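Undergrad: This is the structure I have questions about; it appears just below.
The values are calculated or read from the model by the stated rules, or taken from the named source; none is laboratory data. Just so it is clear, the structure is predicted and the values come from calculations on it, not from any experiment. Cβ: placed from backbone, ideal geometry, glycine included. Neighbour counts: every protein chain shown.
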Amino acid sequence: MAGPGRRQIPRPETDPRAGPETNPRAGAETNPRAGAETNPRAPVSLIAAKHKQIRRGVKEVQKFINKGEKGIVVLAGDTLPIEVYCHIPIMCEDRSLPYAYTPSKSDLGAAGGSKRPTCVIMIKPHEEYQEAYEDCREEVVSLPVPL
């Protein structure tokens with residue numbers, strides 16, 4: 001704690017808000033598939049979270065993909081080890097579900113309406129936000145296939 005007359009100096013190596021120009025570790029542990037162009041719209045996921053039409057976590061998403069639920073799957077690119085969720089894109093391709101990568105687990109958790117970071121979410125369709133869902137789905141389907 002900084003007292004009177006003392007100035008707090010930000011520590012870039014521990015400040016999560018610092019960008020790559022001030023934080024040398026920012027983006028260092030990111031999956032190369034998670035580019036800036038793969039970030040889907042957050043409002044759809046926030047609306048889905050409000051209506052309880054969102055699935056969070058590998059176990060829950062995997063269970064509902066196996067049950068045949070439809071939706072948009074979003075994966076976090078900074079999940080290590082990648083073996084935690086590397087089977088999810090294969091499951092999505094087998095069932096023709098659109099999926100995309102986003103750079104950060106914490107951003108994905110916040111977009112899903114949670115304070116906890118999460119490595120995968122599934123946004124389910126609902127009549128309350130059908131138009132926004134379809135727009136988002138079209139954007140995710142139009143993204144280039146990750147290599």
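Undergrad: Of all residues being assigned to a helix (DSSP H, G or I) and free of Cβ contacts under 8 Å to residues at least 24 places away in the same chain in the range 111-147, which is surrounded by the most Cβ atoms within 10 Å (Cβ to Cβ)? Just the residue, please.
TA: Among residues in the range 111-147 that are assigned to a helix (DSSP H, G or I) and free of Cβ contacts under 8 Å to residues at least 24 places away in the same chain, the one surrounded by the most Cβ atoms within 10 Å (Cβ to Cβ) is GLU134.
Undergrad: On to the next question. Does ILE90 satisfy being surrounded by fewer than 16 Cβ atoms within 10 Å (Cβ to Cβ) and in a helix (DSSP H, G or I)?
TA: When the stated conditions are applied, ILE90 passes them.
Undergrad: Could you tell me whether any residue of the range 32-51 is of a type in the set (Ser, Thr, Tyr), within 23 Å of GLU134 (Cα to Cα), over 16 Å from the mean Cα position of the chain (by Cα) and at pLDDT 55 or above?
TA: No, every residue in the range 32-51 fails to be of a type in the set (Ser, Thr, Tyr), within 23 Å of GLU134 (Cα to Cα), over 16 Å from the mean Cα position of the chain (by Cα) and at pLDDT 55 or above.
Undergrad: So if I check each of MET122, MET91, which one is within 17 Å of VAL145 (Cβ to Cβ), in contact with a helix residue (DSSP H, G or I) (Cβ under 8 Å, 6 or more places away or on another chain) and of a type outside the set (Gly, Ala, Ser)?
TA: MET91
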